[in-house]
Amino acid sequence: MTAGPQNDWFEKDFYKTLGVSKDASEQEIKKAYRKLARKYHPDTNPGDKAAEEKFKEISQANQVLADPETRKQYDQVRAMGSGARFSAGSGGSAGGGGFEDVFSDLFGGGGGGRTRYTTRGGGYPGTSGGGFGGGFGGGQQGYGGGEVPFDLDDLLGGFGGSGGGFGGGYSTGPTKGGDIRSTTTLNFTEAAKGASVRLKMPSGKTLTVRTPVGVKDGQKIKLKGKGKASPNGGESGDVILTVHVEKHPVFTRDGDNLRLELPVTFPEAALGATVEVPTLDGPTVKMKIPAGTPSGRVLRVRGKGIEGKARRGDLLVTVEVVVPKKLDDAAKEAVEAFAKATEGEDPRKDLYSKAKAS
């Protein structure tokens, strides 16, 4: 049979490749991969073959450890393979010593082989006559007192779910392919309006994804059936795309509403005014500021937020009264005149009484 991807799991420590511990969380693995991927990405290191190879190793490690099921299988293989010794014999003769440690707890010993390994028979469960016929899907019965040949590829295939094996029992049918996890970053406007994103798959092909309108920072998008192929004719896995959204210099998001802070002058706030307000769509809109509007009051412009499922959100404008840092003589005289005209007013009167009452 064709060698599967698990064949080199004995040799490669993917946790060490990503620089994380064996009990690292999914988030820690993701963080470590992103950091290393940025460092060794071919676009960052053009022409650097060593960096390119390192990037491939990092990508392989992440592909295995980022998927919970694949990681579980990998941990099982590594646990069984710790301290393993394989030795080449004369092609299935009784004199080979190899395959001694990996499956000693399961099979009670080993034999020798070239690319097909053998084990000494003698009453193993699941077979007729003590062979591995039942344990490996049939066809190897009658080896109870001699050597039972089997391919290492066949043995490791059991961890993929296609031949029973040690992943928690025999497979009862086709298994779903593994998921592929990816990330993309959109600017604020792209996230609000939707954007086309091109993802490079492990196969080298490009997958174009249209993000939904109003996608949020950290939101995950599932592309069903676009992941890894099944090893035995089942449905393909999914692509799980996590979207990160950059901050906007003016707007912030509050659900489907947008927020912004609008600077206004003291005369505009005191006397009232009609001012221009920017929108995410581009054109400004006119908004009326009522006379006597205090700093911090929120005014609403309907229908200028994010497109939601039921309706479009609003633009929430927080008024910020700007105090001038410098005044010329005429402006200073005008402010002094205003202060004299309103010297009987005390905006802190209620504050003092409330403070004493508590």
Could you list all residues from the range 41-54 that are modelled with pLDDT under 90 and surrounded by 13 or more Cβ atoms within 10 Å (Cβ to Cβ)?
His41, Pro42, Asn45, Asp48, Ala51, Glu52
Filter result for Gly296 (out of contact with any Leu (no Cβ under 8 Å at 6 or more places or on another chain) and modelled with pLDDT of 90 or more)
yes
List the pairs whose first member sits in the range 57-82 and is closer than 15 Å to Lys31 by Cα and assigned by TED's automatic domain parsing to the domain that holds Ser230, whose second member is among the small types (Gly, Ala, Ser) and assigned to a loop (DSSP other than H, G, I, E, B), and whose Cβ atoms are under 9 Å apart, counting only residues at least 6 apart or on separate chains?
none
It is to be established whether one or more residues within the range 315-335 are surrounded by fewer than 13 Cβ atoms within 10 Å (Cβ to Cβ), touching a Lys or Arg at 6+ places or on another chain (Cβ under 8 Å) and under 30 Å from Val215 (Cβ atoms).
no
Test of understanding: among Lys304, Lys326, which residue is in a loop (DSSP other than H, G, I, E, B), without any contact (Cβ under 8 Å) to a residue 24 or more places away in the chain and outside the structural domain of Ala192 (by TED's automatic domain parsing)?
Lys326
Could you please find all residues in the range 318-336 being among the aliphatic types (A, V, I, L, M) and either touching an Asp or Glu at 6+ places or on another chain (Cβ under 7 Å) or under 27 Å from Lys288 (Cβ atoms) (or both)?
Val319, Val321, Val322, Val323, Ala331, Ala334, Val335
Candidates Glu235, Glu261, filtered to the one that is modelled with pLDDT of 95 or more, within 36 Å of the chain's Cα centre (by Cα) and acidic (Asp, Glu):
Glu261
How many residues does the range 302-311 hold that are in contact with an Asp or Glu (Cβ under 7 Å, 6 or more places away or on another chain) and on the phi < 0 side of the Ramachandran plot?
5
Among Thr265, Thr274, Thr293, Thr284, which is among the hydroxyl-bearing types (Ser, Thr, Tyr) and exposed (fewer than 10 other Cβ atoms within 10 Å of the Cβ)?
Thr274
Sole residue being touching a residue at least 40 places away in the same chain (Cβ under 8 Å), over 17 Å from Ala192 (Cβ atoms) and in the same structural domain as Phe338 (by TED's automatic domain parsing), chosen from Leu262, Leu316, Leu280, Leu271:
Leu262
Given the conditions (1) farther than 25 Å from Lys176 by Cβ; (2) touching a residue at least 60 places away in the same chain (Cβ under 8 Å); (3) touching a Lys or Arg at 6+ places or on another chain (Cβ under 8 Å), which single one is not true for Thr44?
(2)
Can you say whether Gly233 is more than 12 Å from Thr184 (Cα to Cα) and either part of a loop (DSSP other than H, G, I, E, B) or touching a helix residue (DSSP H, G or I) at 6+ places or on another chain (Cβ under 9 Å) (or both), as far as the supplied structure shows?
yes
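The values are calculated or read from the model by the stated rules, or taken from the named source; none is laboratory data. What you see is a predicted model; the values in this text were computed from it and never measured. Here the Cβ is made from the backbone with ideal geometry for all residues, glycine too, and neighbour counts use every protein chain on show.
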